[in-house]
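Read the figures in this text as sums done on the coordinates, not as results from a lab. These figures come from a predicted structure and were not determined experimentally. As a convention, Cβ positions derive from the backbone with ideal geometry for all residues, glycine included, and neighbour counts pool all protein chains shown.
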Amino acid sequence: MVRRVRTDVPWLDPQAQRAWRSLQMMQGRLTSALARQLSAESELSLQDYVVLVALTDTPEGRVRPFALAEGLGWERSRVSHHIARMADRGLVRKERCPTDRRGAFVAVTDRGRQAIESAAPGHVASVRRLFVDVLDAAQLDAIATASERVLEKLAELEGVDARAGAGAGAAAGAAEKARGRE
């Protein structure tokens, strides 16, 4: 089957192109830098960290896998595979759901809590050094406002709750703040 190329889409003007490419470059480079920092200073990958933040952000330290997938913006199969690897390392465990015989929870273990508590100070220092401290308050507000607007649009298109669509970033910020690490 041959796909038709759309010819009715207007190209990005210089301002839009600059914003889009800068966002892509910044996000990619920040993700790489934060992943390298975590790998060098802890036993966690960036993906492990994001999962543990989402779990420790809840009072019970556990979340249903489908809710974790939605909150992180990951496919369910990706969550399932990643949770299995984390469980093998003792960072999380699966628990039965008492109200749904077929359902389960993903729960943080004591080892998982220790791992994130150990990794968080270095991670937050890197986030500050590479992002927060480089920008002034107005720039931080502008980025947050723009990000929230795009996330709302994505959530609308995907049919999910916009707060969940904020994914790990919102969960990470809330968890860091709750722990007094911001």
Checklist entry - Which of the trypsin sites (Lys or Arg not before Pro) found in segment 1-95 are in a DSSP loop and have at most 11 neighbouring Cβ atoms, other than their own, within 10 Å? => result Arg3, Arg4, Arg6
Checklist entry - Does anyone have the angle between helix 76-88 and the longest principal axis of the chain? Alpha-carbon axes, 0 to 90°, nearest 10? => result 40 degrees
Checklist outcome for this item: Residues meeting the amide H criterion for Arg64 (H placed from the backbone, H to H distance under 5 Å, 5 or more places apart or on another chain) are Val106
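Compute the length gained on full extension between Gln114 and Ser39: take 0.36 nm times their separation in residues and subtract their Cα-Cα distance, giving the result in nm to one decimal.
Gain on stretching Gln114 to Ser39: 25.4 nm.
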Item to check | R0 of 25 Å, Cβ-Cβ distance Asp88-Ser147: FRET efficiency to nearest 0.05 | outcome: 0.15
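Could you list Val2, Val9, Val132 so that the one with the fewest beta carbons within 10 Å of its beta carbon is first and the one with the most is last? Please list the in-between numbers first.
Working: Val2 4, Val9 7, Val132 11.
Sorted ascending by nearby Cβ count, the order is Val2, Val9, Val132.
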